[in-house]
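Q: Sharing a structure, written as structure tokens. Questions coming.
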Amino acid sequence: MNSKLQAAVDEIVDQFTVDKDFLCNATDHFLESMDSGLQHHTPKREFMPMIPTYVTAIPTGKEKGLFLAADLGGTNFRVCSINLKGDHTFTLEQAKARIPDELMKDSTAEDLFAHLAKKVKQFLEEFHQELNVSEDKLKLGFTFSFPVDQSALNRGKLIRWTKGFDLPDCVDKDVVILFQNELDKLGVKVHIAALANDTVGTLLSRAYSNNPAVTNSNTVVGAIFGTGTNGAYFEKLDKIPKLKKEQITEGTTGMVINTEWGSFDNTLKVLPKSKFDEKLDLETANVGYHLFEKRISGMFLGELLRIILIDLFDQGLIFQDLYKSRGGSLPHRLAEPWQLSSEVLSYLQIDDSTSLKMSGLILENELRLPTNEEERLVIQKITQTVSTRAARLSAIPLAAIVKRVSEQYEDDDKDFEFGCDGSVVEFYPDFQAKILEAIAIINPLKGSNKKIHLKIAKDGSGVGAALCASVAK
Ligand code: BGC
């Protein structure tokens, strides 16, 4: 590699390195930020929302019955019916469809929810004809994976959109009311009994499936590392000062908290800040928010890589011959934002073919980008750098929550497990191993023999929403 290019790449690698001191400081800062969020009712940019969910217990695996779940959180909308068997198992029917791009932005809340209601109606017609004759309304758990200011198990106003959605008239409105209105208009016999974030669903569904007598572990976190990132955990009531007495029913000892950790350190007190991160933020609809998410989750990894490559190009270090041969332009899929998916990065990351020929083919196919070997080496190095930083940063909230909840389990010698879902944690090469490596460095259980396990709770959010609906009155 020529020495100028090598120096530029080394500098980027340096800026993206997350070392032990950083991990430990950031974990402490995360713990402080959790406390601030639990104190202040009105969400502020400075701290994580830490949203009380009105889910007051973790499932035991004995819950029973047929429930519906509807899941809006990223690119797809999913409707499922779940039959909880009461023995840690369940059966599930589901239908999934992409949300049309035109309903994600430049549209209205009414159009979006009318579309979702139609999908629920179609699902019931296909899978549950018997409901047409029944008088009872089926309970539905609505997984809505955006920050919501929740005021009851089935009430919550949207705080802001994330992950590319942008329908301004929906902000500050109760999303359950919007959805229920559209279901009622279509005469669909369904009652939205619970509103659940996907992380809450993941926590509940993993806790339902987990049999501690077999795994010797307690499920302490539900986490998503996919298009976006976030986590939920069970907090003791005396640690949630912002909850008022009248908001809590008698006998409640704690509540599941949706941390919205995507918004950890929006003021960048500790998070790494490179000019690339800054540029990426400016391209998003929620500038200045969810800055942790923008360093970690699937929606952003490809864009970070692209921004870095364009920067190297602007310095005259890569793609120069290509630029000339095209008469002064770059392929539009490289020149335009958001064209590079994290799935493509996962292939580039592990290519071990001679001269990285495989990467060459992938870049041609996905970006229409011809490359030479030196460029491919740079692309692979930067891909590995961006994704390693993401995985190591992902360890921070997990380690912090383990530290925080360990006193809840003082009299219990079982291990701790995380229920995780999302394309990045499930499919990105070595992502899980790197998270666990960084957690071991932070060592949140210092002085104890307990271990930490990461479990994939696939599609857990639907089952979790059904579990929420099952406890609703
Ligand atoms: C949203 C969270 C959600 C996460 C994972 C974030 O962008 O703010 O509510 O849980 O994505 O889907």
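The values are calculated or read from the model by the stated rules, or taken from the named source; none is laboratory data. All figures in this text were calculated on a predicted structure; none of them were measured in a lab. Here the Cβ positions follow ideal geometry from the backbone for every residue, glycine too, while neighbour counts run over all protein chains shown.
Q: Return the residues of the stretch 72-84 that are assigned to a strand (DSSP E or B), over 12 Å from Leu116 (Cβ atoms), touching a residue at least 24 places away in the same chain (Cβ under 8 Å) and not β-branched (Val, Ile, Thr); say none if nothing qualifies.
A: Cys80, Ser81, Leu84
Q: When you go through (1) of a type in the set (A, V, I, L, M, F, W, C); (2) modelled with pLDDT of 95 or more; (3) over 20 Å from the mean Cα position of the chain (by Cα) one by one for Met1, which number turns out not to apply?
A: Met1 satisfies every listed condition except (2).
Q: Pick from Lys273, Lys294: which is assigned to a loop (DSSP other than H, G, I, E, B) and either basic (Lys, Arg) or under 26 Å from Asp411 (Cα atoms) (or both)?
A: Testing whether each residue is assigned to a loop (DSSP other than H, G, I, E, B) and either basic (Lys, Arg) or under 26 Å from Asp411 (Cα atoms) (or both) leaves just Lys273.
Q: How about the stretch 112-155: which of its residues are of a type in the set (Gly, Ala, Ser) and touching a residue at least 60 places away in the same chain (Cβ under 8 Å)?
A: Hits for the stretch 112-155 are Ala114, Ala117, Gly141, Ser145, Ser151, Ala152.
Q: So which helices (runs of 4 or more DSSP H) are wholly in the stretch 421-473 and hold at least 3 residues that are among the aliphatic types (A, V, I, L, M) and in contact with a helix residue (DSSP H, G or I) (Cβ under 8 Å, 6 or more places away or on another chain)?
A: Filter on the stretch 421-473 gives 431-442, 460-471.
Q: Right, another one. Find the strands (runs of 3 or more DSSP E) located wholly in the stretch 85-194 whose residues include 1 or more that are among the basic types (Lys, Arg) and at pLDDT 90 or above, and list them.
A: 90-98, 138-144, 155-158
Q: Go through Asn266, Asn218, Asn197 for me and flag whichever is surrounded by fewer than 24 Cβ atoms within 10 Å (Cβ to Cβ), closer than 20 Å to Ile401 by Cβ, within 15 Å of the ligand (Cβ to nearest atom) and in contact (Cβ under 8 Å) with a residue 60 or more places away in the chain.
A: One residue alone meets the criteria, Asn266.
Q: Out of all the residues in the stretch 417-458, which are surrounded by fewer than 15 Cβ atoms within 10 Å (Cβ to Cβ), among the basic types (Lys, Arg) and over 23 Å from Ala213 (Cα atoms)?
A: Lys446
Q: I need the full set of residues from the stretch 399-416 which are small (Gly, Ala, Ser) and crowded, with 19+ Cβ neighbours inside 10 Å, in order please.
A: Ala399, Ala400
Residues checked against (1) in a helix (DSSP H, G or I); (2) of a type in the set (Phe, Trp, Tyr); (3) farther than 17 Å from Arg376 by Cα:
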{"residue": "Ile307", "(1), (2), (3)": "yes, no, no"}
{"residue": "Ile318", "(1), (2), (3)": "no, no, no"}
{"residue": "Lys324", "(1), (2), (3)": "yes, no, yes"}
{"residue": "Ser329", "(1), (2), (3)": "no, no, yes"}
{"residue": "Arg333", "(1), (2), (3)": "yes, no, no"}
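Q: How many residues, within the stretch 229-259, are modelled with pLDDT under 95 and within 16 Å of the ligand (Cβ to nearest atom)?
A: Number satisfying all stated conditions: 0.
Q: Going through the stretch 315-343 one residue at a time, which ones are within 20 Å of Phe300 (Cβ to Cβ) and in contact with a Leu (Cβ under 8 Å, 6 or more places away or on another chain)?
A: Selection gives Arg333, Leu334, Gln339, Leu340, Ser342.
Q: When His115 is evaluated against the numbered criteria (1) closer than 30 Å to Glu293 by Cβ; (2) in contact with a Gly (Cβ under 6 Å, 6 or more places away or on another chain), which criterion, by number, is the only one it fails?
A: Going through the list (1) closer than 30 Å to Glu293 by Cβ; (2) in contact with a Gly (Cβ under 6 Å, 6 or more places away or on another chain), His115 breaks only (2).
Q: List the residue pairs whose Cβ atoms are under 7 Å apart, where the first residue sits in the stretch 412-426 and is under 24 Å from Arg389 (Cβ atoms) and β-branched (Val, Ile, Thr), the second is in a helix (DSSP H, G or I) and at pLDDT 95 or above, and the two are 6 or more positions apart or on different chains.
A: Pairs that qualify, where the first residue is under 24 Å from Arg389 (Cβ atoms) and β-branched (Val, Ile, Thr) and the partner is in a helix (DSSP H, G or I) and at pLDDT 95 or above, are Val424/Gly298; Val424/Ser342; Val424/Phe431; Val425/Phe431; Val425/Gln432.
Q: Let me ask you something else. Regarding the stretch 376-398, can at least one residue be identified that is part of a helix (DSSP H, G or I), in contact with a Cys (Cβ under 9 Å, 6 or more places away or on another chain), away from the ligand (no atom under 16 Å from the Cβ) and closer than 30 Å to Asp14 by Cα?
A: no
Q: Another question about this same structure. Select from the stretch 276-291 the residues that are outside any loop (DSSP other than H, G, I, E, B) and within 16 Å of the ligand (Cβ to nearest atom) and list them in ascending order.
A: The answer is Leu280, Asp281.
Q: Which of the residues belonging to the stretch 26-46 are assigned to a helix (DSSP H, G or I), of a type outside the set (A, V, I, L, M) and within 23 Å of the chain's Cα centre (by Cα)?
A: Hits for the stretch 26-46 are Thr27, Asp28, His29, Phe30, Glu32, Ser33, Asp35, Ser36, Gly37.
Q: Exactly one of these conditions fails for Pro168: (1) more than 22 Å from the chain's Cα centre (by Cα); (2) without any contact (Cβ under 8 Å) to a residue 12 or more places away in the chain; (3) more than 19 Å from Gly65 (Cα to Cα). Give me its number.
A: (1) is the only condition that Pro168 fails.
Q: Pick from Lys157, Lys163, Lys185: which is basic (Lys, Arg) and away from the ligand (no atom under 16 Å from the Cβ)?
A: Step by step, each of Lys157, Lys163, Lys185 is checked, and only Lys185 is basic (Lys, Arg) and away from the ligand (no atom under 16 Å from the Cβ).
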